[in-house]
Amino acid sequence: MLTANVRVPPPKNEPVLSYAPNTPERAQVKDALAMMEGERIEIPVLIGGKRILTGHTDTARMPHRHQH
């Protein structure tokens, strides 16, 4: 038996953004992509559910821009 007073809020959708040229949301996405493009990260190996960082790095290509 449930003894709590449960009031579920009505669902609310997120706003739909257009990402059209010259919109702020498009500029934010471009800025985030440029920042990520310049990052160098070490991808860990997972062995037995544990993250292992070796310090050894190799090239990881962008799927949409292999020459980068």
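The values are calculated or read from the model by the stated rules, or taken from the named source; none is laboratory data. Predicted model, so just to flag it, every value in this text is computed and none were measured. In this analysis, Cβ positions are derived from the backbone assuming ideal geometry, glycine residues included, and neighbour counts consider all displayed protein chains. Heavy atoms of the whole protein, side chains included, go into the accessibility calculation; ligands, DNA and RNA do not. Shrake-Rupley method; radii C 1.70, N 1.55, O 1.52, S 1.80 Å.
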Extension gain Val16-Arg40, at 0.36 nm per residue separation less the Cα-Cα distance, in nm?
5.4 nm
Charges at C-beta only: +1 for Lys and Arg, -1 for Asp and Glu. How large is the resulting dipole of the chain about its Cα centre, in Debye rounded to 20?
200
Pop out the carbon and sulfur fraction of the accessible area of region 1-67 as a percent, whole number, probe 1.4 Å.
57
Among [x] 12.5; [y] 12.8; [z] 17.4, only one was calculated for this model; which label is it, if the read-out is Kirkwood radius over Cα pairs in Å?
[z]
Please go through the chain and write out the trypsin sites (Lys or Arg not before Pro) that DSSP classes as loop and that have at most 14 other C-beta atoms within 10 Å.
Arg7, Lys12, Arg40, Arg61
Suppose only helical runs count, i.e. DSSP H with n ≥ 4. What mean residue ellipticity at 222 nm does that imply for the chain under -39500 (n - 2.57) per run, divided by all residues and rounded to the nearest 500 deg cm²/dmol?
-6500 deg cm²/dmol
